[in-house]
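Working notes, structure below.
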Amino acid sequence: MTIVDRPVFVPFGDEALFAIASEPDTAGPHGVVLLPAGGHTFTPQGNRWAFDFAHRLAAAGFPTVRFDWQGIGDSTGVVETFTLHQPATTEAEAALSILDTESRVLVGQCYGARTAMAMADRTEGIGGVALLAPPVRDFARGDGTATRQAYELSTRDFVTQGLRRLSPSTLIDRAQLERIGRVGRTLVRAKWRQLTARFRAPDPTPWVSEAFLSQLEGLVRSGVPTLLLYGEEENDYKEFDEARAGKLGELLERGSSTVTIEVVPGSAHAAETVEMQQLVVSKVEEWLVGLEAPGAA
Amino acid sequence: MTKPTRRLEVAGGPAATRETAELVETAGFDDSGRLLIRTVPRSPSIGTVVFASSLFAELQQNYRREVLLSRAAAAAGFTAVRVHYRGVGNSIGPPVTPTLDTMADDITDVIGDSGDGPVAIVATRLGALAAARVRRKLDVPIALWEPVLDGGRWVEEVVKACVAREVAKGGGATADEIRGRWATDGAVFALGEVVPAVFVDEVADTSLLDMMTGSAPVLLIQMARSDRVRPAVERARSGLADRGIDAEVLSIVGHQVWWLKVGGDQFVPIERQEATTVLNQGVLDWLKRSIT
């Protein structure tokens with residue numbers, strides 16, 4: 001098996017995303033795009049995870065593209081932030097355009113997973129979506145704990161805790177004020193939902209992202225094969241598991257014929273050891289191999 | 001079950017090019033499988049700058065800074081070349097465990113292929129040790145961003161990071177146990193990646209000052225919360241001066257970890273950080289003075 005690595009500068013408006021397409025000499029009908037997590041790490045990823053990921057999938061007959069978000073690695077442009085409910089769908093679509101396979105499969109990690117979910121509904125020819133540790137809540141980078149506490153703590157405890165961390169310099173720091181505004185909006189939303197819960201159908205998981213649920217519902221409705229993969233030690237899995245008590249559980253039941261849930265030991269989100277990285281790749285590869293060819297159903 | 005990685009043959013496809021009004025950037029693989037990203041000015045090139053990156057998490061942390069500096073260099077008239085060492089980054093080819101020698105050979109090869117014009121190296125962290133090794137053969141100016149000055153101290157920091165990670169995970173390995181794992185396992189997970197013992201053993205006995213030969217100028221760059229030059233950096237500068245090397249210090253107020261809490265508690269893109277502007281301008285000014 002020979003694989004050809006082809007570097008590409010993918011046009012994206014006035015910018016260019018750096019990508020590498022790993023192309024096997026014999027390709028099947030499904031091509032894969034690896035959507036990275038939101039962060040500073042660039043295409044090879046730690047321990048060359050994305051490098052190995054792409055080559056293993058290519059060796060199994062799946063042409064695979066890995067790329068950098070704008071403002072990361074060799075891509076041009078500037079990244080403002082990574083916010084789970086503002087996925088970079090147009091960037092991912094640009095990367096997707098490199099693949100000329102009949103079916104395109106999105107494999108995303110964390111922010112990349114949420115981007116894949118947001119794309120699947122609006123993009124033609126998506127043959128499957130593999131979601132590695134997708135958070136079920138919405139938050140901006142760095143706001144994860146604070147936004148969880150908005151639901152968990154009473155308003156008084158939450159505000160008291162926030163005031164303790166406040167310093168005079170915070171009040172003249174625009175970025176800090178913006179963050180307070182963001183977290184504050186989550187608090188208001190959380191308390192409003194808790195207050196009005198008696199007038200609606202009971203929802204034991206009001207903190208679960210509406211976007212996450214509606215996008216997953218779209219995947220279930222359209223029958224797009226979906227893999228949800230979590231590590232049992234990570235917070236994302238604990239929240240996913242808790243969320244199954246609410247609407248998510250009903251959705252997963254409805255989608256049981258197309259949604260596969262895999263839980264592996266350790267943390268799929270961090271996937272920091274080589275063993276963990278290889279395990280995640282193996283699980284994704286197994287799932288990909290089981291996908292039907294387009295039009296076979 | 002984890003499947004072992006299959007042995008694959010990966011070949012390099014055609015290079016990719018993007019063009020702007022100021023520069024042309026090409027990414028492609030050379031005959032040894034190294035990924036080279038060459039950024040060339042539209043105007044006639046006044047010299048070539050080759051980047052000597054670090055490894056492991058330090059590569060991930062600093063690569064974007066190198067990308068921005070190489071594009072700024074091209075806009076200022078230099079040809080800039082970023083090289084992914086063999087066995088590192090997006091380079092293809094047979095598996096290679098990087099050592100200071102393989103890194104130095106990669107940089108030397110790239111310089112050899114860059115033509116006749118004047119050349120300088122911009123090195124980051126561990127890349128500084130490889131760049132110093134290059135000077136045994138090629139006496140070129142080098143700018144060193146937060147260089148590893150003392151390999152032994154770098155290893156100590158890695159061991160400390162391992163111990164801290166063990167504690168955070170609820171374990172409790174001592175420094176001696178971590179060193180023992182290097183001896184028995186041949187590698188330890190540190191700095192976000194697997195760090196091979198062979199590399200650690202090699203780096204542990206190195207000193208940037210002892211390795212530095214030649215007489216071409218050196219720029220030592222530090223980035224810290226204060227612009228006060230750290231004693232270790234000042235010692236390195238005076239040590240280089242004692243060897244007859246024209247050494248300067250560029251002290252920049254900024255955060256080495258560019259994606260965390262730069263603006264209070266908020267992410268500020270590296271492109272808009274004052275430290276980036278100061279770094280790029282400072283290095284380019286020095287290159288224009290030093291490259292001949």
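Where a number appears in this text, it was derived from the coordinates with a stated rule and is not lab data. Values in this document were obtained by computation on a predicted structure and should not be read as measured data. Here the Cβ is made from the backbone with ideal geometry for all residues, glycine too, and neighbour counts use every protein chain on show.
Quick notes on this one:
- Each label was represented as a point 7 Å from its Cα along the Cα-to-Cβ direction; for residue A:253 and residue B:179 these points are 6.0 nm apart.
- Residue separation of residue B:97 and residue B:288 scaled by 0.36 nm, minus their Cα-Cα distance, works out to 65.2 nm of gained length.
- Cross-link table A:238/B:160; B:137/B:160; A:238/B:169; A:283/B:160; A:191/B:169, entries beyond 26 Å C-alpha to C-alpha: A:238/B:160; B:137/B:160; A:283/B:160; A:191/B:169
- With the simple model of a label 7 Å out from the Cα in the direction of the Cβ, residue A:26 to residue B:246 spans 6.2 nm.
- Phi-derived couplings, Karplus 6.51 cos²θ - 1.76 cosθ + 1.60 at θ = phi - 60°, listed residue by residue for the stretch B:194-199: 7, 9, x, 4, 4, 6 Hz, with x used for Gly and Pro.
- Max mean-square fluctuation residue, GNM over chain B, Cα-Cα springs under 10 Å, options B:229, B:194, B:83: B:194
- Here r is the Cβ-Cβ distance between residue A:123 and residue B:57 and R0 is 35 Å; the resulting FRET efficiency, rounded to 0.05, is 0.55.
- With contacts taken as Cα pairs under 8 Å and at least 6 residues apart, the stretch B:151-206 reaches a relative contact order of 42 percent.
- Here the extension length gained between residue A:222 and residue A:192 equals 7.5 nm, from 0.36 nm per residue of separation less the Cα-Cα distance.
- Theoretical FRET efficiency, 1/(1+(r/R0)^6), r = Cβ-Cβ of residue B:161 and residue B:204, R0 22 Å, to 0.05: 0.90
- Shape call, the protein assembly as shown: gyration tensor on alpha carbons, a/c limit 1.5: prolate
- Set of the stretch B:188-216 residues, backbone N closer than 16 Å to the point 7 Å along the Cα-Cβ line of residue A:275: B:188-190, B:193-195
- Label reach from residue A:2 (point 7 Å along Cα→C-beta): in the stretch A:8-23, amide nitrogens under 20 Å belong to A:8, A:21-23.
- Separation of the residue B:138 and residue A:210 label points, Cα + 7 Å toward Cβ, nm: 5.9
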